[in-house]
Amino acid sequence: MLTVPIQSEPANVDHGGNYFIVAPGGDKVKYEPQARFGYQLKPDTRVQLEIGDKTFWLFTRGDSAWMQNEAREPELVEAMRAGAEMVLKATSRRGTNTSYSFSLDGFTAAMNAVDACGSR
């Protein structure tokens, strides 16, 4: 499952292509969430991900970010199923603070389709 932001801040900068991906995981986890940005992230920073009243933290490397606490990946996916909007906050290598809003409409249906493919 891949989604793109419906809103990007600040509006006056080139954000490039930004995506949030939930892919089938390996042996240890069912799903692997990942954020991809259209620019390099500031080294040694974290990305904040908010869905409703839940906050998750992602570690960064290059132009990507993954769950800091892998054990919370199922909780994140469930929050995405239940939520309406997801907000990511990151800092670019140049020091620009950015924010992205993603609609979660259709996420549950998409994940159900992914699950159906995996059970065949």
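Structure notes:
- Over the chain, Cα pairs under 8 Å with separation of 6+ residues give a relative contact order of 26 percent.
- Label-to-label distance, nm, for residues given as ASP53 and ASN69 (7 Å Cα→Cβ offset): 1.7
- Taking the alpha carbon gyration tensor of the range 2-118, multiplying each eigenvalue by 5 and rooting it gives semi-axes of 23, 16, 13 Å, largest first.
- Reducing the range 19-49 and the range 68-120 to their Cα centroids gives an inter-centroid distance of 9 Å.
- Helical runs assigned H by DSSP (4 residues or longer) give the chain a calculated mean residue ellipticity at 222 nm of -5500 deg cm²/dmol, each run adding -39500 (n - 2.57) before division by the residue total.
Here, each number is a calculation from the coordinates, and none is a lab measurement. Remember, predicted model here, so these are calculated numbers, not experimental data. Cβ: placed from backbone, ideal geometry, glycine included. Neighbour counts: every protein chain shown.
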